[in-house]
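The values are calculated or read from the model by the stated rules, or taken from the named source; none is laboratory data. None of the values given here were measured: they were computed from a predicted structure. Here the Cβ positions follow ideal geometry from the backbone for every residue, glycine too, while neighbour counts run over all protein chains shown. Surface accessibility is based on the protein's heavy atoms, side chains included, excluding ligands, DNA and RNA. Shrake-Rupley method; radii C 1.70, N 1.55, O 1.52, S 1.80 Å.
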Amino acid sequence: MRKKTALPTQMQLVGENADLRARLDEAEDTLRAIRSGEVDALVVSSMEGDQIFTLKGAELPYRVLIEDMNEGALTLAMDGVILYANRRFAEMLKTPLEKVIGSDIQTWIVSKYQGILRALMQKDADLQTREELVLTASDGTQIPVYLSVNRLSVDGAPDYFGLVAADLTEQKKHTQAIVAAEKSARELLEERHKLAHDLHDAVNQTLFSASLIAEVLPRMWELDQAEARRSLNDLSRLTRGALAEMRGLLAELQPSTLTDTDLGDLLRQLGNALSGRTNIPVAVTVTGRFILPPEVQMTFYRVCQEALLNVARHAKASQVEINLQQTGDVIELCIRDNGQGFDPEKNFSEHYGLNMMKVRSKAVGARLSIARQPQHGMELALRWKTAEKNL
């Protein structure tokens, strides 16, 4: 006859229940600490249930050092799961630490850089490797980092990867600022060289011609007053041209002058400069007054300047017309000459000045058209559609 097993008493059941509750509370506290990064362990859920992985040897002084460092520090399992991350790394990702720990490291790397990390993790165990790549924060911000990867082994346990990520954001900003400053300095130097060249080629030559006329004018007046009057007209033209050239060069030194002055006045100044330099009559017709948005006004000025420079150098023209007007919501600049023109199929793609006109016009949404035929001169038209808010 079997012996009956005694049933637990009510007091025993209450005691066991209290003990189970205490152990459950302790387990929940442990899991919370693990998930929040308070202990060096990771809970991984699987079909077999929750498994806890712990990292040994994380003594308090080293833990404090890693938590307070300016670089991001993390430990990866061999499959790339983040077993540990310090708070600095979580701050870089703009993500709560508990969401970083347990995630795949590739989640936080910009896709085109993920292959770099895989290559680093596949290198020899004895080699410490470093590469630059880009992380992506939870809000989409991209963070350039210098990533150091080292394989770790602890007491014969499976290998881990130790990573240190140094944020390069400020360094990149400083580098970009230096590059921008160097570019600005080069552009300023090039502009000053151009101004010096223009001063020598234009103003200097014009003033030299004017001085020669002024020297012979008294003697010429005694011999032939009609010829002297023609020379006086030439002298007046040359001085007007030199004055216009000087005003233009001074405006180049202070670009705000070009954007704050009526566009019609600027075009007249360019026309006077060309006429004084080359003795080519330039008729400037402006209907209305125009002060356009700075980048648009600068484009109109530069296109006219380049077109007149081409006339002086290549056109062999005897007359130039500049016309600026507004029709409806379109402002149009038209420049015509009666020179020798050129073959568009042979010259346009090779002509730096004309290509620059095209680039400038496209940048501000203006339309540039050039009609040119050999021996029939050239007509250039620049059209820009206005908006009420732009005027």
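Select, from 284, 311, the only residue that is under 28 Å from residue 233 (Cα atoms), assigned to a helix (DSSP H, G or I), more than 32 Å from the chain's Cα centre (by Cα) and β-branched (Val, Ile, Thr). Criteria check complete, one pass: 311.
Residues in region 240-285 that are surrounded by 19 or more Cβ atoms within 10 Å (Cβ to Cβ) and at pLDDT below 80: 241, 242, 244, 245, 248, 276, 277. Restricting region 216-237 to residues that are among the polar types (S, T, N, Q) and open to solvent by 50 Å² or more (accessible area, probe 1.4 Å), the residue that is modelled with the highest pLDDT is 225. Restricting attention to region 291-336, the residues being acidic (Asp, Glu) and surrounded by 14 or more Cβ atoms within 10 Å (Cβ to Cβ) number 3.
Taking only pairs six or more apart or across chains, which ones have beta-carbon atoms under 8 Å, a first residue in region 97-122 that is at positive phi, and a second residue that is at pLDDT 90 or above? If the second residue must be at pLDDT 90 or above, the pairs left are 102/81; 102/82.
Only residues that are closer than 21 Å to residue 132 by Cβ and either open to solvent by less than 60 Å² (accessible area, probe 1.4 Å) or touching an Asp or Glu at 6+ places or on another chain (Cβ under 6 Å) (or both) were counted in region 101-114, giving 7. Among helices (runs of 4 or more DSSP H) entirely within region 64-169, having at least 2 residues that are modelled with pLDDT of 90 or more singles out 87-92, 97-100.
Only residues that are at pLDDT 90 or above and either within 18 Å of residue 312 (Cα to Cα) or touching a strand residue (DSSP E or B) at 6+ places or on another chain (Cβ under 6 Å) (or both) were counted in region 359-378, giving 5. Going through (1) among the polar types (S, T, N, Q); (2) over 26 Å from residue 358 (Cβ atoms); (3) part of a helix (DSSP H, G or I) one by one, residue 318 falls short only on (3). A search for C-beta distances below 7 Å between a residue of region 174-196 that is at positive phi and any residue that is of a type in the set (Phe, Trp, Tyr) and modelled with pLDDT of 75 or more, counting only pairs 6+ apart in sequence or on different chains, returns nothing.
Among the residues making up region 159-175, a single one is among the β-branched types (Val, Ile, Thr) and surrounded by 16 or more Cβ atoms within 10 Å (Cβ to Cβ): 164.
Just give me the residues in region 219-242 being aliphatic (A, V, I, L, M) and in contact (Cβ under 8 Å) with a residue 12 or more places away in the chain, in sequence order.
So the first thing to find is which residues in region 219-242 are aliphatic (A, V, I, L, M), and the list is 220, 223, 226, 228, 232, 235, 238, 242.
Those that are aliphatic (A, V, I, L, M) and in contact (Cβ under 8 Å) with a residue 12 or more places away in the chain: 232, 235, 238, 242.
Give region 70-84 a look and list any residue that's surrounded by 13 or more Cβ atoms within 10 Å (Cβ to Cβ), within 34 Å of the chain's Cα centre (by Cα) and not acidic (Asp, Glu), or say none.
As a first pass, look at region 70-84 and keep what is surrounded by 13 or more Cβ atoms within 10 Å (Cβ to Cβ): 71-77, 80-84.
Still in the running and within 34 Å of the chain's Cα centre (by Cα): 71-74.
72, 73, 74 - these are the residues of region 70-84 that are surrounded by 13 or more Cβ atoms within 10 Å (Cβ to Cβ), within 34 Å of the chain's Cα centre (by Cα) and not acidic (Asp, Glu).
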